[in-house]
Amino acid sequence: MFQRSLVKLLSLFCFLMPLTVLAQGSAFNLENWPETPANLKPMYVKAIMEQAGVHKVSFKLPADFYIAELDKFARIAAENNYRPYLKTSVAQNLATLAVVHCDWNNGVPPWEFAQKYLGDKQVELFKTLYPGAISKLQNNCAE
């Protein structure tokens, strides 16, 4: 019942506010992601990816990849009480996951951008969570 009401309210909200604004909104944090209805997740992720495109960022990985990674990362963040990630917008967490997985294509060498965007502390954390991805990133995403 609650989920159906939430979907109706969200649908009404989407008519009143562009989805890209809603998806980018700071009120839609990673801690809200697990309760998001599965049928809305692709719309959110695609809207975030489209908005990044406006800023000259492209992705090669599909929206389904990011849905699965956000699901997994939300669970990991909740289990380990990673409050800063849980309180950060879904859009920013998607960007972080894209950087970690060599899929944030903005014309800057991937490792150089990751060092500036993530910083040493986050790189160290992600080494434990995504060791293969970080190793690839440190090699500038070379196959």
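The values are calculated or read from the model by the stated rules, or taken from the named source; none is laboratory data. Not measured: the values here are computed from a predicted model. In this analysis, Cβ positions are derived from the backbone assuming ideal geometry, glycine residues included, and neighbour counts consider all displayed protein chains. For the accessible areas, the whole protein counts, side chains as well, though only heavy atoms, and no ligand, DNA or RNA atoms are used. Shrake-Rupley method; radii C 1.70, N 1.55, O 1.52, S 1.80 Å.
Counting only residues that are in a loop (DSSP other than H, G, I, E, B), modelled with pLDDT under 95 and open to solvent by less than 60 Å² (accessible area, probe 1.4 Å), segment 18-38 holds 2 of them. Just one of the listed residues (A114, A77, A47) is in contact with an Asp or Glu (Cβ under 9 Å, 6 or more places away or on another chain) and among the hydrophobic types (A, V, I, L, M, F, W, C), and it is A77. Does segment 85-101 contain at least one residue that is in contact with an Asp or Glu (Cβ under 6 Å, 6 or more places away or on another chain) and surrounded by 15 or more Cβ atoms within 10 Å (Cβ to Cβ)? Yes; the residues of segment 85-101 include at least one that is in contact with an Asp or Glu (Cβ under 6 Å, 6 or more places away or on another chain) and surrounded by 15 or more Cβ atoms within 10 Å (Cβ to Cβ). Kindly provide the set of residues from segment 85-143 that are among the acidic types (D, E) and either under 18 Å from the mean Cα position of the chain (by Cα) or assigned to a helix (DSSP H, G or I) (or both), ordered by number. Of everything in segment 85-143, those that are among the acidic types (D, E) and either under 18 Å from the mean Cα position of the chain (by Cα) or assigned to a helix (DSSP H, G or I) (or both) turn out to be D103, E112, D120, E124. Of the residues that make up segment 39-49, is at least one more than 18 Å from V99 (Cα to Cα) and part of a loop (DSSP other than H, G, I, E, B)? The answer is yes, given that some residue of segment 39-49 is more than 18 Å from V99 (Cα to Cα) and part of a loop (DSSP other than H, G, I, E, B).
Taken as a whole, the structure leaves K41 outside the set of residues that are basic (K, R), modelled with pLDDT of 95 or more and open to solvent by 30 Å² or more (accessible area, probe 1.4 Å). When E79 is tested against (1) farther than 17 Å from L30 by Cβ; (2) at pLDDT 95 or above, just one condition goes unmet, and that condition is (1). Every condition in (1) within 17 Å of P34 (Cβ to Cβ); (2) out of contact with any Ser or Thr (no Cβ under 6 Å at 6 or more places or on another chain) holds for A63 except the one numbered (1). Only residues that are out of contact with any helix residue (DSSP H, G or I) (no Cβ under 6 Å at 6 or more places or on another chain) and surrounded by 17 or more Cβ atoms within 10 Å (Cβ to Cβ): list them for segment 58-74, please. Answer for segment 58-74, where residues must be out of contact with any helix residue (DSSP H, G or I) (no Cβ under 6 Å at 6 or more places or on another chain) and surrounded by 17 or more Cβ atoms within 10 Å (Cβ to Cβ): just F73.
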